[in-house]
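The values are calculated or read from the model by the stated rules, or taken from the named source; none is laboratory data. In this text the structure is predicted, and so the values were computed from the model without any measurement. Neighbour counts run over all protein chains shown; Cβ positions are idealised from the backbone, glycine included. With ligands, DNA and RNA removed, areas are computed over all heavy atoms of the protein, side chains included. Shrake-Rupley method; radii C 1.70, N 1.55, O 1.52, S 1.80 Å.
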Number of protein chains: 2
Amino acid sequence: MGKVFFDMAVSLDGYVAGDDRGPNNPLGNGGTNLHLWMYKQKAFFNSLGMEGGELDDGDGDLIRGVFARTGAYIMGKRMFEEGEANWPEDLYKTDVYVLTHEKRDPWVQKGTTRFYFENGGPNIALQKAKQSAGNKDVRIQGGAETIQQFLNAGLVDECIVHYAPTILGSGIRLFDKLDKGIYDIAIDKVMESNLTTHIVYKFKNK
Amino acid sequence: MGKVFFDMAVSLDGYVAGDDRGPNNPLGNGGTNLHLWMYKQKAFFNSLGMEGGELDDGDGDLIRGVFARTGAYIMGKRMFEEGEANWPEDLYKTDVYVLTHEKRDPWVQKGTTRFYFENGGPNIALQKAKQSAGNKDVRIQGGAETIQQFLNAGLVDECIVHYAPTILGSGIRLFDKLDKGIYDIAIDKVMESNLTTHIVYKFKNK
């Protein structure tokens, strides 16, 4: 049975994106500073179907591992709309469930990426995503509000947080408006790197 | 020349204290969950002049190290007022500068702890604390607002953050209302532990 997880980079002050975020500035002001470790990695550019990066080390293994374990994605409507304009075709290579009130036919891309527009809320989306994922895991892709929704619904099993040594000052916080007392949380793994610290946390419903 | 640093534990959602904080509940609701790693350590109880704790390992070395490097403390008025009722005599064992508008004679405790009530603001307090500290470091003890004040004034050289795997949901955030663009920040050291992850960051003014 697959797990439900998310994987996000945060600034020292806990932001996943800076101010003035939008389709032309998807990470907001200063947001690229969160991902400097990733932009060094060949695996990252490879996942976009591009050449680039200078390193292929443990951080690259981590990037490949997250893609490999993910059998389906769930994302919020805003993330989808901001991404739609920017993503290369067939980025996700599996089923992606977009939480939205909009009724829209599935968007079948070249390759194996299929976007399904789900009007039934997080639980129904998760049920379908788990079916798509089979033995693999379901990644709650984002944005922050969607992750908060799944956290507060007690639906998350694990997360990977990349702690970037940068201050954004304002923007969108990852861990915000959370209910306490839902989970027992344990540190599963800490991976050091130059430009970030990766920490894997396990969540168990109390 | 000594450094200026702070050392704080934060929840997954970035809080240093929960709600309903006050002299009778100095860490706020759920706040003790931030420090579970510390309560295991003999070095922690020893620093309070008490018996207690079950372990003496790398986390204990860290606690002893922070005490040993600190030649003077600076703290906000609220932290002092909340602590005054709870701290054992001679806890700090050196000079402590309390930022306050109140005029008050130094409080000379048994042993070597001296509280000075400083009306001149952070820069003056820091000047005096550096003089007290000599070759040792100055610790900005807290609370969060005082640390933010020193961060935004470009006065911090280093911090140790203990990332506790717990959600507080609300309370007082450590990294809040910060100005971006003041520092280049680098990861200096990551220390794994069961109940927290210690990360040391170095701050360099841009």
Practice prompt. Kindly write out, for the range B:120-134 in residue order, the coupling ³J(HN,Hα) from the Karplus curve 6.51 cos²θ - 1.76 cosθ + 1.60 (θ = phi - 60°), rounded to whole Hz, with x marking Gly and Pro.
Written response: x, x, x, 5, 5, 4, 5, 4, 5, 5, 5, 5, 4, 6, x
Item to complete: Percent of Cα-Cα pairs per 5 Å bin, from 0 to the last occupied bin, for the range A:7-116, please list those.
Response: 2, 10, 17, 22, 23, 17, 6, 2, 0
Worksheet entry | Pairs beyond 30 Å (Cα-Cα), from B:Lys110/B:Lys136; A:Lys202/B:Lys136; A:Lys40/B:Lys180; A:Lys103/A:Lys136; A:Lys3/B:Lys180; A:Lys93/A:Lys180 | A:Lys202/B:Lys136; A:Lys3/B:Lys180; A:Lys93/A:Lys180
Item to complete: Could you rank the peptides A:94-100, A:194-200 by their average count of other C-beta atoms within 10 Å per residue, with the highest value first?
Response: A:94-100, A:194-200
Worksheet entry | Net lengthening on full extension, B:Leu91/B:Ala153 (0.36 nm per residue, minus Cα-Cα) | 19.5 nm
Worksheet item: Is there a simple number for the mean count of other chain Cβ atoms within 10 Å of the Cβ of residues in B:6-16, and what is it?
Response: 3
Item to complete: Provide, in order from the shortest bin, the percent of all Cα-Cα pairs of the protein assembly as shown in each 20 Å bin, continuing until the bin that contains the maximum pair distance.
Response: 25, 53, 20, 2
Discussion item. Using a 10 Å cut-off around each Cβ of peptide A:29-36, what is the average number of partner chain Cβ atoms that fall inside?
Written reply: 1
Worksheet item: Reachable aspartates and glutamates from B:Lys206, Cα under 13 Å, same-chain residues fewer than 8 places away excluded?
Response: B:Asp157, B:Asp179, B:Asp184
Response to the item:
Sorted on mean Cβ neighbours within 10 Å (highest first), peptides A:66-75, A:7-16 come out as A:7-16, A:66-75
Response to the item:
The Rg/Rh figure for the range B:21-63, Cα atoms and Kirkwood Rh, to two decimals is 1.04
Response to the item:
If exposed means GluC sites (Glu not before Pro) lying in a DSSP loop and surrounded by at most 16 other beta carbons within 10 Å, then the longest stretch of chain A lacking such sites spans residues A:103-206
Practice prompt. Considering only chain A, pick the residue with its Cβ nearest the axis of the rotation onto chain B, and state the distance in whole Å.
Written response: A:Gly14, 2
Item to complete: Give the carbon-plus-sulfur fraction of the accessible surface of the protein assembly as shown in %, rounded to a whole number; probe 1.4 Å, heavy atoms of protein chains only.
Response: 48
Fill in: Shielding by partners - mean other protein chain Cβ count within 10 Å, residues of B:182-191
4
Worksheet item: Which whole-number value in Å² is the accessible area per residue of the protein assembly as shown, probe 1.4 Å?
Response: 46
